[in-house]
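**Q** Supplied in structure tokens, the structure appears directly below.
The values are calculated or read from the model by the stated rules, or taken from the named source; none is laboratory data. Source: prediction; values computed, not measured. Quick reminder, even Gly has a Cβ in these numbers, built from the backbone with ideal geometry, and neighbours come from all protein chains shown. We work out accessible area using only protein heavy atoms, side chains counted, and drop any ligands, DNA or RNA first. Shrake-Rupley method; radii C 1.70, N 1.55, O 1.52, S 1.80 Å.
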Amino acid sequence: MADDLEPNEIDMPGNSKADARVLREAKDRFKQCVDWESQARTRYKNDVKFANADADNMYQWPDSIRSKRDADERPCLTINIVRQHNLQIINDAKQNKPSVKVRPTGGQATFQAAQIFEGIVRHIEYISQAQSAYDRPSTTQVEGGIGYWRLTTDYLDDDSFDQEIFIKPVPDPMSVYLDPDIVEADGSDAKFGFVFENVPRKRFILEYPEHKAIAQQTFGDGDDLTEWVGKDHVRVAEYYRLVQKRDALMIMSDPKTGQQLTFHKSKIGAQRFKRLSETPGVQTRDIWRHELEWYKIAGDTIIDRLNPPGSYIPLVRVIGEETIIDGKLDRKGHTRNLKDQQRMYNYNSSAMIEFGALQTKVPWITPIKAVEGF
């Protein structure tokens, strides 16, 4: 767990001992995610292929049946009705685009402040072209049952030190792993998450020349690192995690205005916190606060790290249907329950064409008396 890291180890970039513990934690958690989602991911791939089947890729025909029919020169038609049903839902989602509403509730919140925050959100969506970022996960949600979009920060341009928040799409949902213990549908209660890519060795050396030694490492077949540094690839993973730290919360009334004020011990310092806590009417309690950490891991090395603002993993999932039966995770979109109907339609259409193609083209010849009067 991230909680067992000492604060001095967390806050010292380049500390080999701290890095080793982060790497071990990340790889253990990555394997945990792989084991938990393996079945769901296999079915996702099959569902998406089925939804995007056509006459060339033949994804709606099992390989064994297709090869046998090809050998017998029998037709294998793909008339994709599933795609039409899926597009009805996807296009409806594109026409009724999601939007963010900020409501003033609790504390000193006001309607004017809510309007300001809503304007900031609109600005972020505008510069991010967020609607396209929302469309992609909606498509994979309908086809395969899962999609993601993410929040990132980046510089405005190459001539600026100013940064903005951006909403970015995740083109491939299978490049994301989220904490298996989440309960919320959007994954907002996740304690860690990964965004990874298996980069070919040559490309890795071009993109990360200062770390080319990573791509030149070799490991034995039984080594756990073979999945991270393979013969042909280097896995580059963004690892987000929330670290719990002890803190204290104080609430007191402003003697001039009477408004309720809150302070955190970590922000105002231990001495001032102690001095204010002795004021009559002040309430304090111990709390846990979450700090977000981000690491970029290549092979067995941390090549970059940041402490982004926020207390949530900035990966938002868009889920279809999710079930856990007999301890096995399964996800599905709209495609899954249409598979058998689609196969039946393809089989019947192929049989009908085959029957018509086999009919004789030679006209019937019969004596006139045999058809006289008919």
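**Q** Take Arg285 and tell me if it is in contact with a Leu (Cβ under 7 Å, 6 or more places away or on another chain) and farther than 27 Å from Arg21 by Cβ.
**A** yes
**Q** Here is a further query. Of the numbered conditions (1) farther than 25 Å from Arg150 by Cβ; (2) touching a residue at least 60 places away in the same chain (Cβ under 8 Å); (3) in a helix (DSSP H, G or I); (4) open to solvent by 30 Å² or more (accessible area, probe 1.4 Å), Leu77 fails exactly one; give the number of that condition.
**A** Leu77 satisfies all of (1) farther than 25 Å from Arg150 by Cβ; (2) touching a residue at least 60 places away in the same chain (Cβ under 8 Å); (3) in a helix (DSSP H, G or I); (4) open to solvent by 30 Å² or more (accessible area, probe 1.4 Å) except (3).
**Q** While we're here: Give just the number: which of (1) modelled with pLDDT of 95 or more; (2) under 20 Å from Gly310 (Cβ atoms) does Val142 not satisfy?
**A** Tallying (1) modelled with pLDDT of 95 or more; (2) under 20 Å from Gly310 (Cβ atoms), Val142 fails exactly one: (2).
**Q** Right, another one. Say whether the condition of being out of contact with any Gly (no Cβ under 6 Å at 6 or more places or on another chain) and under 30 Å from Arg203 (Cβ atoms) is met by at least one residue in segment 264-282.
**A** Checking segment 264-282: not a single residue is out of contact with any Gly (no Cβ under 6 Å at 6 or more places or on another chain) and under 30 Å from Arg203 (Cβ atoms).
**Q** Okay, next question. Gly333 is checked against (1) without any contact (Cβ under 8 Å) to a residue 40 or more places away in the chain; (2) within 28 Å of Gly145 (Cα to Cα) and fails just one. What number does that condition carry?
**A** Condition not satisfied by Gly333: (1).
**Q** Another question about this same structure. Might you check whether a residue that is in a helix (DSSP H, G or I), within 24 Å of the chain's Cα centre (by Cα) and of a type in the set (Val, Ile, Thr) occurs anywhere in segment 89-106?
**A** Yes, the conditions are met somewhere in segment 89-106.
**Q** Right, here's the next one. Provide a single number: the residues in segment 262-274 that are exposed (fewer than 14 other Cβ atoms within 10 Å of the Cβ) and either in contact with a Cys (Cβ under 9 Å, 6 or more places away or on another chain) or not β-branched (Val, Ile, Thr) (or both).
**A** 7
**Q** Looking at Arg150, Arg136, which is the one that is touching a strand residue (DSSP E or B) at 6+ places or on another chain (Cβ under 7 Å) and over 26 Å from Gln88 (Cβ atoms)?
**A** So the residue among Arg150, Arg136 that is touching a strand residue (DSSP E or B) at 6+ places or on another chain (Cβ under 7 Å) and over 26 Å from Gln88 (Cβ atoms) is Arg150.
**Q** Restricting the search to segment 183-221, which residues are in a strand (DSSP E or B), under 28 Å from Gln129 (Cβ atoms) and over 14 Å from the mean Cα position of the chain (by Cα)?
**A** Asn198, Val199
**Q** Same structure again: Looking at segment 163-177, which of its residues are open to solvent by 50 Å² or more (accessible area, probe 1.4 Å) and within 20 Å of Glu125 (Cα to Cα)?
**A** Listed by number, the residues that qualify are Gln163, Ile165, Lys168, Pro169, Pro171.
**Q** Still on this structure: Looking at this structure, is Thr323 more than 15 Å from Asp247 (Cβ to Cβ), free of Cβ contacts under 8 Å to residues at least 12 places away in the same chain and not hydrophobic (A, V, I, L, M, F, W, C)?
**A** Yes; evaluated as a whole, the condition is true for this residue.
**Q** Let me ask something else about it. So Trp364 passes all but one of these: (1) among the aromatic types (Phe, Trp, Tyr); (2) surrounded by fewer than 17 Cβ atoms within 10 Å (Cβ to Cβ); (3) part of a helix (DSSP H, G or I). Which condition number does it fail?
**A** Trp364 satisfies every listed condition except (3).
**Q** Collect the residues in segment 141-157 that are farther than 21 Å from Ser188 by Cα and either open to solvent by 50 Å² or more (accessible area, probe 1.4 Å) or among the basic types (Lys, Arg) (or both), keeping them in residue-number order.
**A** Asp154, Tyr155, Leu156, Asp157 - these are the residues of segment 141-157 that are farther than 21 Å from Ser188 by Cα and either open to solvent by 50 Å² or more (accessible area, probe 1.4 Å) or among the basic types (Lys, Arg) (or both).
**Q** Quick one: count up the residues across segment 275-290 that are in a loop (DSSP other than H, G, I, E, B) and loosely packed, with under 11 Cβ neighbours inside 10 Å.
**A** Residues in segment 275-290 being in a loop (DSSP other than H, G, I, E, B) and loosely packed, with under 11 Cβ neighbours inside 10 Å: 3 in total.
**Q** Any idea how many residues of segment 45-72 are of a type in the set (S, T, N, Q) and assigned to a helix (DSSP H, G or I)?
**A** Counting residues in segment 45-72 that are of a type in the set (S, T, N, Q) and assigned to a helix (DSSP H, G or I) gives 3.
**Q** Quick check, is Phe111 loosely packed, with under 11 Cβ neighbours inside 10 Å and either of a type outside the set (D, E, K, R) or closer than 23 Å to Arg331 by Cβ (or both)?
**A** Yes, satisfied.
**Q** The conditions are (1) farther than 20 Å from Leu292 by Cβ; (2) in a loop (DSSP other than H, G, I, E, B); (3) open to solvent by less than 80 Å² (accessible area, probe 1.4 Å), and Pro180 fails exactly one of them. Which is it?
**A** (1)
**Q** Taking into account only those residues within segment 280-320 that are hydrophobic (A, V, I, L, M, F, W, C) and under 17 Å from the mean Cα position of the chain (by Cα), which is farthest from Tyr240 (Cα to Cα)?
**A** The extreme case among them is Ile319.
**Q** Another question, then. Can you tell me how many residues within segment 291-337 are over 19 Å from Pro173 (Cβ atoms), in contact with a Phe, Trp or Tyr (Cβ under 8 Å, 6 or more places away or on another chain) and not in a loop (DSSP other than H, G, I, E, B)?
**A** Number of matching residues: 12.
**Q** Sticking with this one: Quick one: which residue in Ser138, Ser160 is more than 13 Å from the chain's Cα centre (by Cα) and either open to solvent by less than 50 Å² (accessible area, probe 1.4 Å) or of a type in the set (S, T, N, Q) (or both)?
**A** Step by step, each of Ser138, Ser160 is checked, and only Ser160 is more than 13 Å from the chain's Cα centre (by Cα) and either open to solvent by less than 50 Å² (accessible area, probe 1.4 Å) or of a type in the set (S, T, N, Q) (or both).
**Q** Now, a different point. In a loop (DSSP other than H, G, I, E, B) and either closer than 30 Å to Asp181 by Cα or not hydrophobic (A, V, I, L, M, F, W, C) (or both) - does that describe any residue in segment 260-268?
**A** There is no residue in segment 260-268 that is in a loop (DSSP other than H, G, I, E, B) and either closer than 30 Å to Asp181 by Cα or not hydrophobic (A, V, I, L, M, F, W, C) (or both).
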